[in-house]
1. In nm, what is the difference between 0.36 nm times the number of residues separating B:ASP209 and B:LEU404 and their Cα-Cα distance?
2. So what are the ³J(HN,Hα) numbers for segment B:279-290, from phi and the Karplus equation (6.51, -1.76, 1.60; θ = phi - 60°), rounded to whole Hz, Gly and Pro as x?
3. Would you order B:VAL35, B:VAL239 from fewest to most other beta-carbon atoms within 10 Å of each residue's own beta-carbon?
4. What spacing in nm lies between the two simple spin-label points modelled at B:VAL165 and B:ALA34, each 7 Å away from Cα in the Cβ direction?
5. For A:LEU58, list long-range residues whose amide hydrogen, built 1.01 Å from N in the peptide plane, is under 5 Å from its own amide hydrogen.
6. Tell me the angle of helix B:333-347 to the major Cα principal axis of chain B, expressed in degrees between 0 and 90 and rounded to the nearest ten.
7. Can you compute log10 of I(q)/I(0) for the protein assembly as shown with the Debye formula, treating each Cα as one identical point scatterer, at q = 0.10 Å⁻¹?
8. Across chain B, what fraction of all alpha-carbon pairs, as a whole percent, falls in each successive 10 Å bin from zero upward?
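Bear in mind that the values in this text are calculations on the coordinates, not laboratory data. All of these numbers come straight from a predicted model, not from anything done at the bench. Backbone-built Cβ (ideal geometry, glycine too); neighbour counts: all protein chains shown.
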Amino acid sequence: MNGKRLPLVLLLLLHSAANADVAVIVNPRNPLDAMTSKQVQDVFMGRTRSFANDRVALPIDQSSPLRAEFYRRLTGRSLEQINAYWARILFTGQASPPLQVPDDAAMLKTIRDNEGAIGYIDKAHLDGSVRVLLILP
Amino acid sequence: MKDTVKLLVALLPGLLPLSAHSEPQLSVKGFGTAVLVGSDTDRIGFRRDTSQDIGARRNGSFEPDSRFGVQLDANFSDDWHAGIQWVARSHPGDFVEQNLDWAYLRWRPQPDLNVRVGRLGFDVFLLSEYRNVGYAYPWIRPPHEFYGGLPAYHFDGADVTRKLVVGDGFVTLKAFGGFSYYQVPATLSQIFDAASLVAGGSLVYELGDWRLRVGYTHTETLREAPLQALTSALNDPAVRLLWPGAAQVGNRFSVRGKVVQYSFIGMGYDDGTWLAQMEAAYIDSNFTFYPSGANGYLSLGRRVGPVTLYTLLGIAETFKDRIPVSQPLLPIPALVGFRDTVDAILNGNGVDQKSISLGVRWDVHENIALKAQWSHYWLGENGTQLWQEPFSGPTPREVNLWSLGVDFLF
């Protein structure tokens, strides 16, 4: 019985990871109400280092499987393409890719602790301590 | 060169108190490429660029394209950053010093303004700063017609970059200047310790999936090539008596003060599925061994899942009239041999090459890509400067080249 249930649980987990909405979040003290997909893209791809209100933006990435999902929905590109893009920027000394945290819990803490931080988590893990600026369906 | 690096290292501790953080954030990243390249001829050797004196032939070789780079980054504060990058690659120059491509201090006084001082990548064309990072482009190597004639990888100096928002896109303006010290294999001798003054600027416009870049670079050679033995022989009264033509070519070997100017336009498109890239350049030179010319390439690619299929067309032509070298009055074998050497040095540096390539990149795993590429080259007479040429004898007019490789990041 157990032997049959385990793959089913795994399947459900994978299913939820691939289908969960991704919430783009900032610190509650950030006065912005919303961001467009292009604005979020410009911050995470290193094209701009500030929010629309000129405050310095600190993008935070994840090293979890949600990272691939986030970039696929935001840019339509695979992680390999995102990594190749950053290899060009990083190895020409222009900028470094966003810092990474391991999971949604660490992301929530980092966003709460840094006024300029912007990150993303699975929408199901939102806890009211951060502000949501965009939902990537 | 070495002095700049020493100066930078000496300055670093003095700058540390400027930082807001007590401990700098350090990171070590790197990249590597292993490529086996071979051709269908032994009469000419394929080299990645003119900094190399090795050549891949029928048996294949790992040497021209394989490389391994390590980068150390130190973030002292939001404004101050230092980076060092060293890339192991095959060439006859100093393995430690010439392979140090980046060693700089970066200051960011405003979010969209960067000032860097130290050793920096030679940013003349779209890919010239990251030619070594195979993972960052689809091909097995940067287009040979465009990058094969560019032996300098870095310069010691400074650059300033300013980013502006223009409509929905971004404009990046860059100016740079400094000195480039590089070593190239030289005819008749060991190696040429080349030194040039370099200065230039570029404008990049990025809009959605499009990227456009125009640029200009000016270089001026500061040192003579190691051809003293040859020039003094040309000035020898006995030689001039038997070969009056020696007087006419004697002054052609000076390279000091000679200017090379690169004017350039490049465009890239990448929507995630389709990719296209082209570059075109005009190189104006009064340098005998590096004649004026034009080059360009066009590449189209299509991604299908983790696989990218691409094609690449390249062309490079130098515009140079043959410098006439007369025959000696008497057919003394030693003198005729000397005359032929002089002729080869003056006239054997043309580029006349076209190619078509088909290739595939397969992203097998995050940060690992396998690549395979077949290229067919058409080479004109006296048009094989980008290759390792034979000492004598004809060069082939067509060459097939195959390459298999892997690129990775860590």
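1. Working: separation 195, 0.36 × 195 = 70.20 nm, distance 2.92 nm.
Working it through step by step, the gained length comes to 67.3 nm.
2. 9, 9, 9, 10, 10, 9, 9, 10, 9, 4, 8, 9
3. In increasing order of surrounding Cβ atoms, one gets B:VAL239, B:VAL35.
4. Modelled inter-label distance: 4.7 nm.
5. Placed amide hydrogens put A:ALA117, A:ILE118 under 5 Å from A:LEU58.
6. The answer is roughly 30 degrees.
7. Results for the protein assembly as shown at q = 0.10 Å⁻¹ read -0.88.
8. 4, 20, 30, 26, 13, 5, 2, 0
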